[in-house]
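The values are calculated or read from the model by the stated rules, or taken from the named source; none is laboratory data. Quantities reported herein were computed from a predicted structural model and do not represent experimental measurements. Cβ atoms come from the backbone with ideal geometry, glycine included; neighbour counts cover every protein chain shown. Heads up: the accessible areas ignore ligands, DNA and RNA and are worked out on the full protein's heavy atoms, side chains in. Shrake-Rupley method; radii C 1.70, N 1.55, O 1.52, S 1.80 Å.
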Amino acid sequence: MQKSRSDRLFYTMIYLLTILAVVVTLYPFLYVVSISFSSVDAIDKQKVMLWPVGFTFSGYKMVLQYRELWVSFYNTLWYTVVGTLLNIVATCLAAFPLSRQKFFLRRRLNFFIAFTMYFSGGLIPVYMLITSLGLYNTRWVMVLPVLVITFNVMICRSAFEGIPNEIFESASIDGANELTMLYRLAVPIIKPTLAVLTLYYAVFHWNNFFSALLYLGKQDMQPLQMFLRRVLIMASPEVMQKMGGTMTSGALAVSTLQVRYVSIVVSILPIVTIYPFIQRYFVKGITLGAVKG
């Protein structure tokens, strides 16, 4: 079918806007990567525009030998793995009963869970609660206060509701209890949704620095994002001195810029690496159980 002139004009505009959005989004990332692989001289003379100039790993050698980076990297990995695992378990345990029509507290609990999306106790009461529970300056303060995210519970609940009730009735006749139906039937069926929720929780834990800023005073427990904050904002010359930087002030400033960009690349590399393996579940998982029009 031949398209009209107005249709061709419309699609041309859509393509141009899409290309513009890709360029605007992708160029800063490519620039950061290029700076991290370029020589100090090229950065000083502002020769780097899109691709690395004077390709070198000197910035990565400088950053990766810094012990504090690996300590914070381990902490972030621990918070992400342990936190995401507990998040998925808690989300399934919360969402499955709420999806069952015969659960007598279903409506009331759905209301209270939705209520927390719009109202909270506030920052100071939460801080007082966490300190009174003895979670301050412990690893669990990064995991337990965010054990369940309301929006993700609702997504999981909708996915469970999309499972035909006849499946559960057949399992019940065969003698399966609710816990067996959850882990043997419901969880495998909504695997795409759980893959998406896993990505949501993992990215949240990987990027979470505000909780560490409030509740983690010990530097050896702080995540990678706090290290990145110190490098980018607070004390870059001090970081350079700890890394063994002995150079003039001009070269130090340029090398500090490279250290900043190398730290950014190192911090986002794990998530960028994992995302392609989960991407195929993304569209199917987020729409599973959605309301069809």
Taking N as its residue count, the alpha carbon Rg of the chain over 2.2 N^0.38 Å: 1.29
Aspartates and glutamates whose Cα lies under 17 Å from that of residue 191, excluding same-chain neighbours fewer than 8 positions away: 161
Those aspartates and glutamates that a straight Cα-Cα span of less than 20 Å connects to residue 218, excepting residues fewer than 8 apart in one chain: 68, 238
Charge dipole (debye, nearest 20) of the chain; +1 at Cβ of Lys and Arg, -1 at Cβ of Asp and Glu: 420
Approximate spin-label separation residue 173-residue 103, in nm, with each point projected 7 Å along Cα-to-Cβ: 2.5
Around residue 258: net Lys/Arg minus Asp/Glu count, Cβ-Cβ under 14 Å: +2
Distance between modelled label sites at residue 112 and residue 67, nm, 7 Å Cα→Cβ extension: 4.8
Among 147, 28, 187 the positive-end extreme of the charge dipole of the chain (Cβ point charges): 28
The stretch 16-61: relative contact order in percent, alpha carbon pairs under 8 Å with at least 6 residues between: 36
Residue 85 versus residue 214: modelled label distance in nm, points set 7 Å from Cα along the beta carbon direction: 2.6
Gain in span if fully extended, residue 184 to residue 14, counting 0.36 nm per residue against the direct Cα distance: 56.7 nm
Rounded to whole Hz, the Karplus (6.51, -1.76, 1.60) HN-Hα couplings of the stretch 54-69, x for glycine and proline: x, 3, 7, 9, 4, x, 5, 4, 5, 6, 6, 8, 7, 4, 4, 4
The chain - accessible surface per residue (Å², probe 1.4 Å): 61
The stretch 70-164 - charge dipole about Cα centre, Lys and Arg +1 at Cβ, Asp and Glu -1, debye rounded to 20: 360
By average C-beta atoms within 10 angstrom, highest first, the peptides 99-105, 193-199, 15-21: 193-199, 99-105, 15-21
